[in-house]
Amino acid sequence: YPSSWANVSVKRLSVSSTSNSDLRSAFATYGVKVELAAPGEQIYSAAPDSRVAAWSGTSMSAPVVSGVAALALGETTSSGAACSVLGIFAQTAAPLNGQNLGSGRLNAGAALNALRNNSFTLNSECL
């Protein structure tokens, strides 16, 4: 939500949240519409009055995925780069068995290494 809405026509990625123990966050969305998870509990970020605070939510998970996507896009010149990156995230995710969190937890190091080493399989949608 809202990435799982049926009327969203652009390529999107539905992201959920995990704890620092790789467990599904109590507030997290889960199920067949979730494609990937990322840390989303006690993430430090800017707060009012020039302070820093720990925040929790999928609003913390999504920027983690976005940041890794930006790094990944910087590693490739493929014409189907965005599609490739989403597939690589799925192929290199750390499994979270039985938690209904899509491909698992984003593994930034594995995803970037797969791109650098050309060790991934392109989805037919990307060709």
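Of all residues in region 49-97, those satisfying the criterion of being touching a Gly at 6+ places or on another chain (Cβ under 7 Å) and not in a helix (DSSP H, G or I) are Ser56, Gly57, Ala93, Ala94, Pro95, Leu96.
Of all residues in region 31-84, count the ones that are exposed (fewer than 12 other Cβ atoms within 10 Å of the Cβ) and under 13 Å from Ala111 (Cα atoms). Within region 31-84, residues that are exposed (fewer than 12 other Cβ atoms within 10 Å of the Cβ) and under 13 Å from Ala111 (Cα atoms) number 2.
Candidates in region 115-127 are the residues that are open to solvent by 30 Å² or more (accessible area, probe 1.4 Å) and either within 24 Å of Ser16 (Cα to Cα) or not in a helix (DSSP H, G or I) (or both); of these, the one that is modelled with the highest pLDDT is Asn118. Among the residues here, Val34 qualifies as farther than 26 Å from Arg116 by Cα, in a loop (DSSP other than H, G, I, E, B) and aliphatic (A, V, I, L, M). Ser21 passes every criterion in (1) more than 19 Å from Ile88 (Cα to Cα); (2) not in a loop (DSSP other than H, G, I, E, B) apart from (2). Looking at region 98-114, is at least one residue closer than 23 Å to Lys33 by Cα, modelled with pLDDT under 85 and either among the aliphatic types (A, V, I, L, M) or assigned to a loop (DSSP other than H, G, I, E, B) (or both)? Checking region 98-114: not a single residue is closer than 23 Å to Lys33 by Cα, modelled with pLDDT under 85 and either among the aliphatic types (A, V, I, L, M) or assigned to a loop (DSSP other than H, G, I, E, B) (or both).
The values are calculated or read from the model by the stated rules, or taken from the named source; none is laboratory data. The shown structure was predicted, so the numbers you read here are calculated from the model rather than taken from an experiment. Glycine gets a Cβ as well: all are built from the backbone with ideal geometry, and neighbour counts include every protein chain shown. Surface accessibility is based on the protein's heavy atoms, side chains included, excluding ligands, DNA and RNA. Shrake-Rupley method; radii C 1.70, N 1.55, O 1.52, S 1.80 Å.
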